[in-house]
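A short write-up of the structure that comes next.
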Amino acid sequence: MRKVPRQQRSRAMVDAIIEAATRILGRQGWAAFTTNEVAYAAGVSVGSLYQYFPNKLALAEAIRQRHLQTVLAALSDASDSREPVTLDQRVGLLVDGVIAAHSIDPALHRILLDEVPLVSRENFEAFESEYQRRYRLVVASSLDRRDTSDIEVAGRVLAAAVEGVVHAASRQGNLASAALKQELFHMIRGYLRARGTSEMPDR
């Protein structure tokens, strides 16, 4: 963004712009996505839009950041639970959260994954750092004893596995499948249980 909205009126305008952009990008795809159409749908002038977003890529980045924050919130429910929970409950929170976060607008999510260029490596790296931290918390809170290196590696493996399943299901339109949800639950629970009880055999 060119600048951060300070007043309530300008924040409301920016929210309206991003919401309109989200609808249009999800419906039309990246190639047909234009700032003129977004401004019209949001009920603002193109000049007002350009005060905050210099181009359509900046708009798409704002949409991406909102999606990523939704993903982090879903992980927070599973990793930072303030009340004691069982392993099954924690895994259930994780599965429900990541599926819900990616089910808000599956078409838009596929476009963000496959069509929209990544404009800010710095923003994505900040997200990735927090994303991995929360998966490490899931691992650490689900196992009796881990050393730091094991938690980091296990967190990355778990994150990659869940991400791969959920993104593939999003592309295929299968996120609402009860069977998918059940298999994802079994995969995560089985991995966490196995990491707590077994070691890789010597070769």
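The values are calculated or read from the model by the stated rules, or taken from the named source; none is laboratory data. If you're wondering where the values come from, they're calculated on a predicted model, not measured in any experiment. Quick note on the areas: whole protein, heavy atoms, side chains included, nothing else; ligands and nucleic acids left out. Shrake-Rupley method; radii C 1.70, N 1.55, O 1.52, S 1.80 Å.
With a 1.4 Å probe and all protein chains left in place, how much accessible area per residue does the chain have, in Å²? Before the final figure, lay out the partial values.
Details: 11500 Å² over 203 residues.
Each residue of the chain exposes 57 Å² on average to a 1.4 Å probe.
Tell me the carbon and sulfur percent of the accessible area for the chain, rounded to whole percent, probe radius 1.4 Å. Carbon and sulfur: 50 percent of the exposed surface of the chain.
Just want to confirm a number: the relative contact order over the chain, from Cα pairs under 8 angstrom separated by 6+ residues, in percent.
This gives 21 percent for the chain.
Axis angle, to the nearest 10 degrees, between helix 87-103 and the longest C-alpha principal axis of the chain: 20 degrees. Once the Cα atoms of helix 121-142 and of the chain are each reduced to a long axis, what angle between those two axes, in degrees from 0 to 90 to the nearest 10, is obtained? The angle comes out near 30 degrees.
State the percent of C-alpha pairs, over all pairs in the stretch 63-196, separated by a distance greater than 17 angstrom. Walk me through the intermediate numbers first.
Values: 5170 of 8911 pairs.
Tail of P(r) above 17 Å: 58 percent of Cα pairs.
Orientation-averaged projection of the stretch 1-132 equals 9.1 nm² [convex hull of Cα atoms, one quarter of hull surface area].
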